[in-house]
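Each remark here refers to the structure printed beneath this line.
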Amino acid sequence: MGMDLLSLYETMVKIRLFDTKAEELFLEGKIPGFIHSYVGEEAIATGVSANLRPDDYITSTHRGHGHMIAKGADVKKMMAELYGKKTGYCKGKGGSMHIMDFSLGVLGANGVVGGGIPIAVGAGMSIKLVKKSDQVVVCYFGDGASNRGTFHEGLNWASVYKLPVIFVCENNMYASTAYMPETTSVQDISSRAVAYNMPGIAVDGNDVLAVYEAAKEAIERARKGEGPTLIEAKTYRLKGHFVGDPELYRSKEEVKKFWEKEPIGRFEKLLFEKGILTEIKKKEIWDKIKNEIEEAVKFAEKSEFPPPEDALTDMFIDDRKYDY
Ligand SMILES: Cc1ncc(C[n+]2csc(CCOP(=O)(O)OP(=O)(O)O)c2C)c(N)n1
């Protein structure tokens, strides 16, 4: 991708509008399962992905729509997947939390907290030992996941083998109802990198350019074979843990305070100051993307559900054909 400021802005707006629409559709009862909104965290996936090549990999989480969109996903196929339709990325059998597409380098979103970490480390091993290429893997996870064993084991392994993995902790201050300072032994999750002998960088996760710069450096190191980095992007979860969350664990005032720091409005201000964005251009961009999302909804609604007899297809692979 690269750092074209307007394209960073467009990506953030697309993520915002996709998740805002998904929330609306879920509340109307059109989408089954769960929706975990990425609203407020758009700068992270956008800033990171702008440094990635199409052949680089990512692993994602239950809050992964933004990761997919930033990696270049088609919102039509994403929306169809949320609806559980045959035309979706996983033929409707993955849903919001399990979208994947190997052709985009998306090794999977994951409903298991911290579940993407060993997958990313495994992909790092394959790049280093089998493919011997300069691809990298970005591994997204939350502050809650950084308290799981997979995080500690994964970082240790990646460091020992100097794997090209960039661990991106999206610290949005909450792990469902748990407030991060009450559940986590350190103030900065990035400081945990010391224990695994890798650089640890804390960055303002609501500043897309700061994220871009931190990711650029980490990705360049990884491509050169200098090993993994832990980036902690400090942000805030502006919506409930899932759509429908009564949010009894935090005050409305706290949420309101963080809305004032949300990443899109903040970046917009800079773009206006630089004369890159005007009111007309802004409206044009929002209208274009709104239209794209509306088209995606129409596509999803028109598509068919997978037939019941397909329930067990695509669930398992015949691994006898692989030579390990
Ligand atoms: C192994 C595991 N434990 C618990 C859960 C239930 N759960 C789902 S999301 C979540 C919180 C995750 O918090 P965090 O990693 O900070 O990500 P965030 O939701 O803030 O993006 C929990 C505990 C789960 N899905 N998997």
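The values are calculated or read from the model by the stated rules, or taken from the named source; none is laboratory data. In this text, all values refer to a predicted model and were calculated from it rather than measured experimentally. For neighbour counting, all protein chains shown are included, and Cβ atoms are generated from backbone atoms with ideal geometry for every residue, glycine included. Calculation scope for accessible area: heavy atoms of the full protein, side chains included, ligands and nucleic acids excluded. Shrake-Rupley method; radii C 1.70, N 1.55, O 1.52, S 1.80 Å.
Data table
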| read-out | value |
| --- | --- |
| Condition check for Val168: closer than 26 Å to Leu6 by Cα, modelled with pLDDT of 95 or more and within 16 Å of the ligand (Cβ to nearest atom) | yes |
| Residue check, Pro199 modelled with pLDDT of 95 or more, more than 15 Å from the chain's Cα centre (by Cα), open to solvent by 20 Å² or more (accessible area, probe 1.4 Å) and within 16 Å of the ligand (Cβ to nearest atom) | no |
| Segment 96-106, subset in a loop (DSSP other than H, G, I, E, B) and touching an Asp or Glu at 6+ places or on another chain (Cβ under 9 Å), residue farthest from Glu153 (Cα to Cα) | Ile99 |
| Lone qualifier among Met68, Met78, Met97 - being closer than 26 Å to Asn171 by Cα and either open to solvent by 20 Å² or more (accessible area, probe 1.4 Å) or in contact with a Cys (Cβ under 7 Å, 6 or more places away or on another chain) (or both) | Met97 |
| So Val136, is it modelled with pLDDT of 95 or more, over 22 Å from Glu262 (Cβ atoms), within 17 Å of the chain's Cα centre (by Cα) and more than 16 Å from the ligand (Cβ to nearest atom) | yes |
| So Leu6, is it touching a Leu at 6+ places or on another chain (Cβ under 9 Å) and open to solvent by 20 Å² or more (accessible area, probe 1.4 Å) | yes |
| Qualifying residue in segment 152-161 (condition: more than 16 Å from the ligand (Cβ to nearest atom), surrounded by fewer than 19 Cβ atoms within 10 Å (Cβ to Cβ) and farther than 19 Å from Gly200 by Cα) | no |
| Residue within segment 219-231 that is modelled with pLDDT of 95 or more, within 16 Å of the ligand (Cβ to nearest atom) and in contact with a Gly (Cβ under 7 Å, 6 or more places away or on another chain) present | yes |
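Yes/no per residue for (1) assigned to a helix (DSSP H, G or I); (2) at pLDDT 95 or above:
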| position | (1), (2) |
| --- | --- |
| His67 | yes, yes |
| Lys76 | yes, yes |
| Leu82 | yes, yes |
| Gly94 | no, no |
| Val112 | no, yes |
| Gly122 | yes, yes |
